[in-house]
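What follows is a single structure, and I will ask about it in a moment.
The values are calculated or read from the model by the stated rules, or taken from the named source; none is laboratory data. All figures in this text were calculated on a predicted structure; none of them were measured in a lab. Glycine also receives a Cβ, built like all others from the backbone with ideal geometry; neighbour counts cover every protein chain displayed.
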Amino acid sequence: MGDGQTAMVRMESIVKRRGQADGGFELRVPELWVDAGEVVALIGPSGCGKSTLLDLIALILAPTSAGRFTLHLAGEIAGQDLAALWSRGDEGALAALRREALGYIPQTGGLLSFLSVRDNIRLPCRIKGVNLADRELEALAERLGVAECLDRKPQALSIGQRQRVAILRAIAHGPRLLLADEPTAALDKPRARAVLADMNALARQQHLALVIVTHDLDLLAGHIDRVYAFDLERLSEFETRSTCRPLDDGKRVSG
Amino acid sequence: MKTHRPGHASVVSALAAAHLRHDWILTLCLVIALTAVIAPLLVLLGLKHGTIETLRERLVEDPVYRELRPTQTQPYSEDWFAQVAAWPGVAFLTPTILPLSSVVQVVQSDGTTRLFDLIPTAAGDPFLLENGVPVPGEDEVVLTAEAARLSGVAVGDRLGVRVSRTRSGRSENVQAELKVVGVLPIEAGTLTRIYAPLAFVLDVESYKEGHAAAHRSWPGETPDPYPTFDGVVLLLDEPLAPIVRTGAIIQTGFARIDVITRDQAESLLGLPIPERLYAYDLSTPNAPITESNIRAIQSKLRGREPLILPYVRELELIGADGRRWHPVGLSVDDAQAARLDLPPVPWGGFQVRRERVEELTSALWPTDTAANTGSDMDSDSDSTLDAAPREADGGLKVTSPGRAELSFVLRPLGPSPLDQPLVPIELLGILRTARDRAVTYVASSGRFEMQRAGYRGFRLYAASLDDVPRLYRRLREQGLEVEAALEAIERIQVLDTGATRLFWLIALLGLGGGTAVLVASLYAAVDRLRAELGIIRLLGLSRAHGAFFPIVEGLMIAALSLALSLAVYGALAAVINRSFANELAPDERFCALPASLIAPIVLITLLLACLAALVAAWHATHIDPAEVIRVD
């Protein structure tokens, strides 16, 4: 591994434009890959397009143009040509990939307010059509320290608890790729560190690939396999271009 | 790869249900808002339906409103009954006979006898069945309440009836014992009637007309027709004082006695009247005069030497040569003939039943018409009798036009003293009877015979109220005068149409409002749930499933509202029905929704809820997860 040829996610020459009439933002991804079981961080200041890139990988945002965009799951001979699915607007197939292979941890948890914590965690399983035994669910909750919250509504939880529940929900249905959008932004550092450590441990244990958006690499120290950063260019008063590039991460991570 | 699992619809439904449960106050508000629209509509529909149905059922339950009655007596053939019975909408049809022939005498509880009307019935008679009594079988009868009261019998008792007739001037009667199998309630009518099988009614009729009913051992034979007259001319030597005059006709069956001039008497009788006689015209408007009336007046005026001469108006005989005659009828003995200054007639005085049958068809023929005919003259015949073509035996063939043409042979016995043929008055009376009744002339015996009267009416019941106007029109098209409760039926139909139109107007308004409430509420719900709907998309549901969410919510809210509305309706209907209980029969409802309407109501409501949810669903499909999951 490492050359990205058999990567789980492979992106080449991807462009996403977000335009207003008087100007816009363009994200360019010359090359990006995520291997199975790898932890990849996307870092950069706000507005650099790291969340946009995450949503592209999460299959909820269509690329404006794509040279190559594939998803290759273990056990599959040929990968899914995501670029083709997007270009023909196969909404159903993309939704199916989302529920089968992806887990997403939104910035603010994104729990459904009208479901209990337990039902929130079960929801992706029900959508995927897999069964999650109570025992298994409770064991996971125990591990993340939210076992006592299972029968409450999300509003009754602290922000830290919500994020832990969001992590549980993102992995409960057995995805292959976990996507996290600054999952600890709302937490203080010690708590954030603890949540991330738990998330990482779970991901490693279940051999999930993890793409995490963050602005604070310190929190992830020791967990990252690879980092992508963004170069921002102001093309004009209204035009901004951001280019994603791999960061020579060896030193930084180890340092 | 499967893109839609069947399970996703149920996942979305469960989510929608969870949301409604979670936001239960809002849900309750919506349900109440919709119930406020639906429940009054249900009550309105129930009221409309209940009142109209009650009115209709009151008509429907009384079979009288489904009866079509003939207003005229006229003959109907067996074929006609077979045909009409097969018409769609005819529930029951039975023939009836002449009203005068369908009466029997019943011995009442006080020992006196009384005439009861006999009404034919048959299996399936709705008038009996729907009034809760069985249809009588052989030797069984059903009585009206009044008939049961007068005769003092109850169900299970035997009712003795007597059928009487007058034959050869003698009164005869037979008895029958009939089992009372039912007594109609007083609401079914206050007339004294006996309902019996048609066969029994026909036997009674036959017996009354002189026929035998062998299987009942009622004797009889083919009857002679009885003569009837339009009136009698009374001739007296002395005038009647006015008081005597009016008293003279009491209890004779005559309704009028008028002083007439000699000219008037001559034109009624066709005879010259001697100047010394005083003439009176005795008659009963619209009713025939029979032998018994004549006997009655005769005994009333005994001692005054009355000359009583019956007359028949406007009777023609047509000879075989087509010549029309206006025969004069006169049956007098020699003494009476002398008082009229006329030669005696060979057939003598007035006699309804003659020993010698041939006397009835005797005639004196005018002589002064010989010049008009003569081509067919027998050389050895009496030269005075050559006025008409002769039969081989010397008879004159003539025809009496009427309802049914009657041809017979007259036997000329001599010259007429008048310029028209002179015949026994009884012959004219029989020809008059033959105008209304079937009378035949049997050439071999030279007798007139009365035929059975046949069917003269019907009892017809339509299957439903709505069939009545159609059957009414159809019978009218056949030229039959019938009457039916058309107005009552039409009143209800008009009321029904009006109430239905009113209901739909209000329903349209209400349903429009209800739909608007649902559209706005569901749209707002989707808007509030943008983030949540984005999340479930993110978790792997497609746009279509997102759109399904508000539709399911709409359906659930509508279903809850319907359930609540039906409960409210049920409670209100009970209150309404109880408060009007005094006006209603035990089974009647003022406010009632038929079960058959519930399903359409539910379907329409759910359909409207779906339509209302479509706007919100459209809104839901435009939610982009990437835009809504991130709180900026």
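Considering only residues of the stretch B:423-482 that are modelled with pLDDT of 85 or more and acidic (D, E), which is surrounded by the fewest Cβ atoms within 10 Å (Cβ to Cβ)?
B:E477
Rundown of residues vs (1) under 30 Å from B:R411 (Cβ atoms); (2) assigned to a loop (DSSP other than H, G, I, E, B), yes/no style:
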{"residue": "B:E238", "(1), (2)": "no, yes"}
{"residue": "B:I243", "(1), (2)": "no, no"}
{"residue": "B:I257", "(1), (2)": "no, no"}
{"residue": "B:A265", "(1), (2)": "yes, no"}
{"residue": "B:I273", "(1), (2)": "yes, yes"}
{"residue": "B:P285", "(1), (2)": "no, yes"}
{"residue": "B:N293", "(1), (2)": "yes, no"}
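Kindly indicate which of B:S561, B:S565, B:S596 is among the polar types (S, T, N, Q) and free of Cβ contacts under 8 Å to residues at least 40 places away in the same chain.
On the way: B:S561 fails: free of Cβ contacts under 8 Å to residues at least 40 places away in the same chain; B:S565 fails: free of Cβ contacts under 8 Å to residues at least 40 places away in the same chain.
After ruling out the rest, the residue left standing is B:S596.
What are the pairs, 6+ residues apart or on separate chains, where a residue within the stretch B:523-546 that is within 10 Å of another protein chain (Cβ to nearest Cβ) has its Cβ under 8 Å from a residue that is surrounded by 24 or more Cβ atoms within 10 Å (Cβ to Cβ) and among the hydroxyl-bearing types (S, T, Y)?
B:L538/A:Y104; B:L539/A:Y104
Which residue, of B:I194, B:I250, is within 30 Å of B:V332 (Cα to Cα), outside the structural domain of B:P421 (by TED's automatic domain parsing), not charged (D, E, K, R) and not in a helix (DSSP H, G or I)? Quick ask: steps written out before the conclusion?
Values: B:I194 fails: within 30 Å of B:V332 (Cα to Cα).
Residue meeting the stated conditions: B:I250.
Still on this model: Here are some conditions: (1) touching a helix residue (DSSP H, G or I) at 6+ places or on another chain (Cβ under 9 Å); (2) away from chain A (no Cβ under 14 Å); (3) of a type in the set (V, I, T). B:I629 meets all but one. Which one does it not meet?
Among (1) touching a helix residue (DSSP H, G or I) at 6+ places or on another chain (Cβ under 9 Å); (2) away from chain A (no Cβ under 14 Å); (3) of a type in the set (V, I, T), B:I629 violates only (2).
Restricting attention to the stretch A:42-54, and to residues there that are part of a helix (DSSP H, G or I) and touching a residue at least 60 places away in the same chain (Cβ under 8 Å), which single residue is nearest to the other protein chains (Cβ to nearest Cβ)? Even if it seems obvious, please write down each step before you answer.
Here is the first cut: in the stretch A:42-54, the residues part of a helix (DSSP H, G or I) are A:50-54.
Adding the requirement that they be touching a residue at least 60 places away in the same chain (Cβ under 8 Å) leaves A:50-51, A:53-54.
On the way: A:K50: 12, A:S51: 6, A:L53: 11, A:L54: 9 Å.
Out of the qualifying residues, it is A:S51.
Looking at the stretch A:110-121 only, could you name the residues that are more than 9 Å from every other protein chain (Cβ to nearest Cβ) and surrounded by 22 or more Cβ atoms within 10 Å (Cβ to Cβ)?
Of everything in the stretch A:110-121, those that are more than 9 Å from every other protein chain (Cβ to nearest Cβ) and surrounded by 22 or more Cβ atoms within 10 Å (Cβ to Cβ) turn out to be A:V117, A:N120, A:I121.
For the stretch B:161-190, how many residues meet the condition of being surrounded by fewer than 13 Cβ atoms within 10 Å (Cβ to Cβ) and not in a strand (DSSP E or B)?
Qualifying residue count, the stretch B:161-190: 6.
Now for a different question. Among the residues of the stretch A:93-119, what is the count of those that are out of contact with any strand residue (DSSP E or B) (no Cβ under 7 Å at 6 or more places or on another chain) and of a type in the set (F, W, Y)?
Looking only at the stretch A:93-119, we keep the residues that are out of contact with any strand residue (DSSP E or B) (no Cβ under 7 Å at 6 or more places or on another chain), and these are A:93-96, A:98-100, A:108-119.
Now restrict to residues that are of a type in the set (F, W, Y): A:114.
Residues flagged as out of contact with any strand residue (DSSP E or B) (no Cβ under 7 Å at 6 or more places or on another chain) and of a type in the set (F, W, Y) within the stretch A:93-119 amount to 1.
Using beta carbons and a limit of 6 Å, which pairs, at least six apart or on different chains, have the first residue in the stretch A:90-104 and over 12 Å from A:A172 (Cα atoms) and more than 7 Å from chain B (Cβ to nearest Cβ) and the second one surrounded by fewer than 23 Cβ atoms within 10 Å (Cβ to Cβ) and at pLDDT 90 or above?
Note: pairs meeting the criteria are A:L94/A:L85.
Using the structure shown, decide if B:R473 is without any contact (Cβ under 8 Å) to a residue 40 or more places away in the chain and either in the same structural domain as B:P120 (by TED's automatic domain parsing) or touching a His at 6+ places or on another chain (Cβ under 8 Å) (or both). Full working, then the answer.
Values: without any contact (Cβ under 8 Å) to a residue 40 or more places away in the chain: yes; either in the same structural domain as B:P120 (by TED's automatic domain parsing) or touching a His at 6+ places or on another chain (Cβ under 8 Å) (or both): yes.
Spelling it out, B:R473 is indeed without any contact (Cβ under 8 Å) to a residue 40 or more places away in the chain and either in the same structural domain as B:P120 (by TED's automatic domain parsing) or touching a His at 6+ places or on another chain (Cβ under 8 Å) (or both).
Are any residues in the stretch A:122-153 in contact with a helix residue (DSSP H, G or I) (Cβ under 6 Å, 6 or more places away or on another chain), free of Cβ contacts under 8 Å to residues at least 12 places away in the same chain and within 14 Å of chain B (Cβ to nearest Cβ), and if so, which ones?
Selection gives A:R126, A:G129.
Among the residues of the stretch B:550-571, is any within 14 Å of chain A (Cβ to nearest Cβ), hydrophobic (A, V, I, L, M, F, W, C) and in contact with a helix residue (DSSP H, G or I) (Cβ under 8 Å, 6 or more places away or on another chain)?
Yes - at least one qualifying residue is present in the stretch B:550-571.
Filter the stretch B:529-580 down to the residues that are surrounded by 18 or more Cβ atoms within 10 Å (Cβ to Cβ), over 22 Å from A:D119 (Cβ atoms) and among the polar types (S, T, N, Q) and list them by number.
Hits for the stretch B:529-580 are B:S561, B:S565.
Against the condition under 30 Å from B:P274 (Cβ atoms) and either in contact with a His (Cβ under 6 Å, 6 or more places away or on another chain) or in a strand (DSSP E or B) (or both), how does B:V233 come out, does it pass?
Details: under 30 Å from B:P274 (Cβ atoms): yes; either in contact with a His (Cβ under 6 Å, 6 or more places away or on another chain) or in a strand (DSSP E or B) (or both): yes.
The answer is yes for B:V233.
Taking the condition of being surrounded by 12 or more Cβ atoms within 10 Å (Cβ to Cβ) and part of a helix (DSSP H, G or I), how many residues in the stretch B:483-497 meet it? Before you say what the answer is, go through the steps one by one.
Kept after step one, since they are surrounded by 12 or more Cβ atoms within 10 Å (Cβ to Cβ), are these residues of the stretch B:483-497: B:484-486, B:488-493, B:495-496.
Now restrict to residues that are part of a helix (DSSP H, G or I): B:486, B:488-493, B:495-496.
Number satisfying all stated conditions: 9.
Tell me, please, whether a residue that is among the charged types (D, E, K, R) and closer than 30 Å to B:E53 by Cβ can be found in the stretch B:559-579. Write out each step before concluding.
Step one: list which residues in the stretch B:559-579 are among the charged types (D, E, K, R), which gives B:578.
If we keep only those that are closer than 30 Å to B:E53 by Cβ too, we end up with B:578.
Within the stretch B:559-579, one or more residues are among the charged types (D, E, K, R) and closer than 30 Å to B:E53 by Cβ.
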